[in-house]
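One structure is given below, encoded as structure tokens.
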Amino acid sequence: MGVAARIWAIRAVAVAVLVALWPVARVFELPEVKVIVPGMVAVVGGYLLAERWVVRALWRELPGAPKVRAEEILEALQPLQAGDPYATARLAFERAALVSKEGRYAEARTLLEGLLESQFVGPMLPSVQNNLAWALMHLGITKRALELSALALKAGPNVGYFRGTYAIGVYLDGRAAEAVPLIEGVLAGFAGDGAVTQAIRAYYLGEALEVVGRRDDARVAYERALREAPQSRWAEAAKVKLG
């Protein structure tokens, strides 16, 4: 059952129970006020608890969800969380992450710029800075990207995602020789960040190695990108490089 269908099923059950309160009162010849009022309170309370459970389950599922499922979850959460500014900020962050993964960096930038000064971002701010830096550096705005990346890195010096963004940003800023050991260090130290993330790092390591003239090493890096996440767009880019 889809997310929307699940939510509407809960609502339909709640409405059906509410409607049934009147005939129940009549069948048992009970005063309506003694059945309907407590019944309405119980049904509304049960509905709110069920919806809360669904919302929590969707938030738990979102980080690892594939693209189509993630989009479905985001669409479902939007109206359910409309009254919570902190949840709304997180939804914008998650949507930006989704479009950024597809290479839609201009869209990601728009969403993240709106969050940068938001009072509702809270502890997500370093991640917002990091992800905005990633989008900006792929739009050719490397100086500001590195400034934001450095801020994120200062807040989380041992976070592989932050270190990887900065290292790749150094390469995209035209400093390939400086970037090579930085990217190598992140690749070696943060394998737990996931296969696609490692594929991205390996691809950019190959790019940096190619610029400094280490073509054989670059080929090894591209092969690693292909091996780490063979279905990713980074693997496709590595295939092009490998010929």
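The values are calculated or read from the model by the stated rules, or taken from the named source; none is laboratory data. Predicted model, so just to flag it, every value in this text is computed and none were measured. For neighbour counting, all protein chains shown are included, and Cβ atoms are generated from backbone atoms with ideal geometry for every residue, glycine included. In case anyone asks, the SASA skips ligands and DNA or RNA and just uses the protein heavy atoms, side chains included. Shrake-Rupley method; radii C 1.70, N 1.55, O 1.52, S 1.80 Å.
When each of Ala145, Ala179 is tested for being of a type outside the set (S, T, N, Q) and over 22 Å from Leu116 (Cβ atoms), the lone residue that passes is Ala179. Among residues that are open to solvent by 30 Å² or more (accessible area, probe 1.4 Å) and part of a helix (DSSP H, G or I), Ala188 is included.
Residues that are among the aliphatic types (A, V, I, L, M), farther than 22 Å from Pro66 by Cα and either in contact (Cβ under 8 Å) with a residue 60 or more places away in the chain or assigned to a helix (DSSP H, G or I) (or both) within the range 204-237 comprise Leu205, Ala208, Leu209, Val211, Ala218, Val220, Ala221, listed in sequence order. Exactly one residue among Thr110, Thr165 is open to solvent by 60 Å² or more (accessible area, probe 1.4 Å), part of a helix (DSSP H, G or I), closer than 28 Å to Pro85 by Cβ and among the polar types (S, T, N, Q), and that residue is Thr110.
Residues of the range 135-149 include at least one that is farther than 18 Å from Pro63 by Cα, open to solvent by 60 Å² or more (accessible area, probe 1.4 Å), in a helix (DSSP H, G or I) and in contact with an Asp or Glu (Cβ under 8 Å, 6 or more places away or on another chain). Count of the range 224-243 residues, restricted to those that are under 27 Å from the mean Cα position of the chain (by Cα), more than 12 Å from Ile200 (Cβ to Cβ) and open to solvent by 80 Å² or more (accessible area, probe 1.4 Å), is 4. Out of the range 188-203, which residues are in contact (Cβ under 8 Å) with a residue 24 or more places away in the chain and either among the β-branched types (Val, Ile, Thr) or within 16 Å of Arg227 (Cα to Cα) (or both)? Once the filter is applied, which keeps residues that are in contact (Cβ under 8 Å) with a residue 24 or more places away in the chain and either among the β-branched types (Val, Ile, Thr) or within 16 Å of Arg227 (Cα to Cα) (or both), the range 188-203 yields Gly192, Asp193, Ala195, Val196, Thr197, Gln198, Ala199, Ile200, Arg201, Ala202, Tyr203.
Mind telling me which of the residues Gln129, Gln78 ends up being in a helix (DSSP H, G or I) and under 29 Å from Gly189 (Cα atoms)? The unique qualifying residue is Gln129. Asn158 meets all of the listed conditions (1) farther than 18 Å from Ser100 by Cβ; (2) in a helix (DSSP H, G or I); (3) open to solvent by 70 Å² or more (accessible area, probe 1.4 Å) but one, namely (2).
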